[in-house]
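One structure below.
The values are calculated or read from the model by the stated rules, or taken from the named source; none is laboratory data. None of the values given here were measured: they were computed from a predicted structure. As a convention, Cβ positions derive from the backbone with ideal geometry for all residues, glycine included, and neighbour counts pool all protein chains shown. For accessibility, only protein heavy atoms count, side chains too; no ligands or nucleic acids. Shrake-Rupley method; radii C 1.70, N 1.55, O 1.52, S 1.80 Å.
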Amino acid sequence: MQTILKGKTTEVIIDTNGPVVIIGESINPTRRKRLVETLKAYDFEFALQLAKSQMEAGADVLDVNVGFPGVDDETLLPETVKAIQEAYDIPLCLDSPNPKAIEAALKAAQGKPLINSVNGEEKSLQAILPIAKEYGAAVIGLVMDDDGITQDTEKRFQIAEKILNRAIQSGIAKEDVVIDPLAMAVSADPNACMVTLETIKLIHDRLGLNITQGASNISFGLPYRVELNNAHMAISIWNGLTCPIANPAKITAFVRATDLIRGRDDFAMRFTEFYYSQEEMENS
Ligand code: THG
């Protein structure tokens, strides 16, 4: 299964049989005061710095989230999208719970973006799927619905299947649906990771879809976050995760290692190229 995303001219293929695609998470106001302050002033310099550093660190796609209290995201999200795409040729992942902000960003975006996200709630399906179809975008489906988030893996799978079926009914191609199995903090629930890992496996085995997840969600409230995230990432990839949303500075080397181990990096080309690219940057 191949989900094709596009920037101005670049194409990124998320392939269930290919190497892992990294969606850079850092253009997100969570714990980034400076991003909030600059975005409030419609000053995109810092957001562009975050874009550049993530691309240099291995991001293939950039998540763009401008959600902070009081934001007019119907104006700010499209403006941020334009600023990034004027400077860089990379596909974007439009991250907002507000369908109007998503639609405004789709109008502004070049190429073929990924919508982040729709979920199994009736309201969400009805708001997002028609605009995904209209603008030819791919879409991330979160496995929650009007009953909230279930810990039952079979039910999470059923929500994924429902989102897929509704997307297909709306005229969206199967390969343009990417599922997020909802990674959550393992400090709060000892079984949290197992539920997500099993959900990934069911979606991979039965639907064959591409799968994303927030790679740092599981480690909230714990030490050794990078180690925990990366251990979790390796098992998730083995089960079928294909495009994590993550901080590339912290995961790319690990993702390249995982691809190499799985026989998805002939002669360790990407692994070693990444090493030299980072060494070069350190010395420049
Ligand atoms: N699924 C989907 N979309 C998502 C998430 C998900 N979008 C938002 C979020 N979760 C993923 N993005 C982020 C962005 C920033 C941070 C975490 C997740 C973040 N992390 C560090 C922290 O928590 O301390 C701080 C910065 C760092 O060290 O890099 O800020 O699950 N579909």
Long-range neighbours under 7 Å by Cβ, at least six apart or interchain, first residue among the acidic types (Asp, Glu) within the range 87-113, second open to solvent by 10 Å² or more (accessible area, probe 1.4 Å) and part of a strand (DSSP E or B): Asp95/Asn116
Note: among Lys100, Lys112, just one is under 28 Å from Lys174 (Cα atoms), among the basic types (Lys, Arg) and open to solvent by less than 50 Å² (accessible area, probe 1.4 Å), namely Lys112
Report, ordered by the first and then the second residue, all pairs with beta carbons closer than 6 Å, sequence separation of six or more or different chains, a first member in the range 262-277 that is within 15 Å of Thr252 (Cβ to Cβ), and a second member that is among the acidic types (Asp, Glu) and open to solvent by 100 Å² or more (accessible area, probe 1.4 Å). none
Cβ-Cβ under 7 Å, sequence separation 6+ or interchain: first residue in the range 18-32 and closer than 15 Å to Leu50 by Cα, partner within 8 Å of the ligand (Cβ to nearest atom) and modelled with pLDDT under 95. Which pairs? none
Within the range 184-211, tally of residues that are open to solvent by less than 70 Å² (accessible area, probe 1.4 Å), over 14 Å from Phe157 (Cα atoms) and not acidic (Asp, Glu): 6
